[in-house]
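Take a look at the structure below.
The values are calculated or read from the model by the stated rules, or taken from the named source; none is laboratory data. Predicted, not measured: the structure shown is a model, and the values here were computed from it. Cβ: placed from backbone, ideal geometry, glycine included. Neighbour counts: every protein chain shown.
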């Protein structure tokens, strides 16, 4: 109850009308709890003043930390945990209880009554926390009858306690192993429905490695050293915990808990190794199988790929690993970067760190996914649904059938996640391709504008050259160079190639849009979700039957749901793989377009460089022409600049006209000189006007060109990046 400082505590009093020694024993038992301080051991609280007098029969009150999550038994009894807890929850529980037991043993305390009822749950900031309670109660097992002095389930007790022999900390190992087994599988390991005497007689016959003694539907007792299915562990953890349980559930106490590596009482260190494993989960989309790989802190994906090749037969160079968002992983990255911390929150989805494996050599995926193997009891019921079973058998089998349908749904969801990852990967390629298409179109427009400008300029140059030939300036070399430039630029420009690629990209875009209209997203009747919910409801009603109605019966109704679920699963898998094959085809088309687009863009860049180079050459020729014209006006020039071939003239007056030689008198010479001077000035003025008109025409032609590509480039820079679907 809450009191000062907002604290909440649980007050407990134990009332026994048996054995006079118990009162003093109970008082003494409270002292260890008062001095313990561990996050996984329930803490003691001071009893508020005035409340001690409320205790009946002067029995002591013990105030303890209150945990609002209830006990582990309540958690295990939830429908969802009928076949064991989720993997993340199991790892957290094992870590907490192992830490608590290690602390108690270091403080020379043996619990001796570890069971789900003595473990309470408290929600922490990041995850669920498990705490051990009930320290020091009903432990004097050598006093009187075991059945009257002990409160709890006998199957969690170590054999030496049942036999009233001397014991050590290994009694807690047996209880911890039994508890762990039940959390993994949903039931206790050794004949959970048998009475204590018969149970003890039968179970003691097991070998040291046996961790299961069970009774099948025909009543035959079977021993096994393997962790039974179904459970929610991956293959690596299942194998490691199976060997660890063999240590914890040994019948003889001296051998119990002895690890081959760490020696006696080394079971906690062995468990630490298991809990500290870094596991990478890879779903092979070719077969639908999940592979789990332990990795080290320094291990790269390249090393993991070598192991994947060994397991799947897919060569390393053909493997593509995708995250759920469709991001492809590089082999040089550390594998641990792609592992989620499963101990942060036990409610986290199991597939958050799942990677999806694809074979890049495959152009089509076939639906060759195999069903998980069914538990033996489920196979038996599938063969004979009308078989009459006792209520406790029905409860177990129906729970396993519901769990089987749940696993079909989860397996189907994983495959669908893989198909979506491939789709997201395709959309990433398509987004990059769309950007390249825009860049290619922009570059094509730029090149076209420059080509149009250059061609227009050359045409004007040739026309004006023909007009000025009458004035006497000729250059075959210049004329040939300009015509050669005109022919050279005719080879530039890739409009046809660009148009063809754009058409192919638009067709691919249409295919991708059609692919996104997936039938997987449509709500259909008889889905796995519906069937799973129906099976859950059947199982719930069976479990909640009143005790007087818990009779034997058959399993026809729930078997019908299982068969429908299998058919629905196979049908949906075919649809998923059909979509996946289409996705792979589209991706292949996209990959084929990338080098083609890059090639055309490189050619356009080369063409642009060619146009710029020819334009520079043309500009130099024009300036050379202007230089010659000006030099002819100012004085006699001998020879000509590069690419110019002009007639040698004696004076400025001879720029356009050849004057016949002869002898003139002085007055005639003066008159002629004045005429030549005036004519030269006139020609210079005409040349200046021609140059001015030419430059004006070029400016007008330049401004008349289509410069919208510049605006397009600005818009592309300023507008947010858009992903084309």
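Structural remarks
- Qualifying positions in segment 537-554 - under 30 Å from residue 415 (Cα atoms) and touching a helix residue (DSSP H, G or I) at 6+ places or on another chain (Cβ under 7 Å): 538, 539, 540
- Among the residues listed as 472, 493, the single one being in the same structural domain as residue 626 (by TED's automatic domain parsing), modelled with pLDDT under 80 and within 19 Å of residue 604 (Cβ to Cβ): 493
- Residue 537 meets the conditions (1) without any contact (Cβ under 8 Å) to a residue 40 or more places away in the chain; (2) in a loop (DSSP other than H, G, I, E, B) in every case but one. The failed one is (2).
- Residue that is buried (at least 17 other Cβ atoms within 10 Å of the Cβ) and within 20 Å of the chain's Cα centre (by Cα), where the choices are 271, 280, 334: 280
- Among strands (runs of 3 or more DSSP E) entirely within segment 189-303, having at least 1 residues that are touching a residue at least 40 places away in the same chain (Cβ under 8 Å) singles out 278-284, 289-295.
- Scanning segment 116-133 for residues that are assigned to a loop (DSSP other than H, G, I, E, B) and either touching a strand residue (DSSP E or B) at 6+ places or on another chain (Cβ under 7 Å) or surrounded by 22 or more Cβ atoms within 10 Å (Cβ to Cβ) (or both) yields one hit, 133.
- Among residues of segment 296-329, those that are over 30 Å from residue 367 (Cβ atoms) and under 17 Å from the mean Cα position of the chain (by Cα), counted: 1
- From the options 80, 106, 65, 117, residue that is modelled with pLDDT of 90 or more and more than 39 Å from the chain's Cα centre (by Cα): 106
- When 408, 382, 371 are checked against the criterion of being under 26 Å from the mean Cα position of the chain (by Cα), within 30 Å of residue 224 (Cβ to Cβ) and surrounded by fewer than 19 Cβ atoms within 10 Å (Cβ to Cβ), a single residue qualifies: 371.
- Here residue 374 fulfils each of the conditions (1) closer than 30 Å to residue 557 by Cβ; (2) touching a strand residue (DSSP E or B) at 6+ places or on another chain (Cβ under 9 Å); (3) in the same structural domain as residue 282 (by TED's automatic domain parsing) apart from (2).
- Breaking point among (1) under 30 Å from residue 380 (Cα atoms); (2) surrounded by 21 or more Cβ atoms within 10 Å (Cβ to Cβ), for residue 207: (2)
- When we screen 263, 219, 257 for residues that are assigned by TED's automatic domain parsing to the domain that holds residue 96, buried (at least 21 other Cβ atoms within 10 Å of the Cβ) and on the phi > 0 side of the Ramachandran plot, the only hit is 257.
- Tally, over segment 153-187, of residues that are assigned to a loop (DSSP other than H, G, I, E, B) and surrounded by 18 or more Cβ atoms within 10 Å (Cβ to Cβ): 6
- Residue 101 outside any loop (DSSP other than H, G, I, E, B) and either in the same structural domain as residue 156 (by TED's automatic domain parsing) or closer than 26 Å to residue 534 by Cβ (or both): yes
- When restricted to residues that are in contact with a helix residue (DSSP H, G or I) (Cβ under 6 Å, 6 or more places away or on another chain) and under 19 Å from residue 83 (Cβ atoms), segment 229-240 contains 4.
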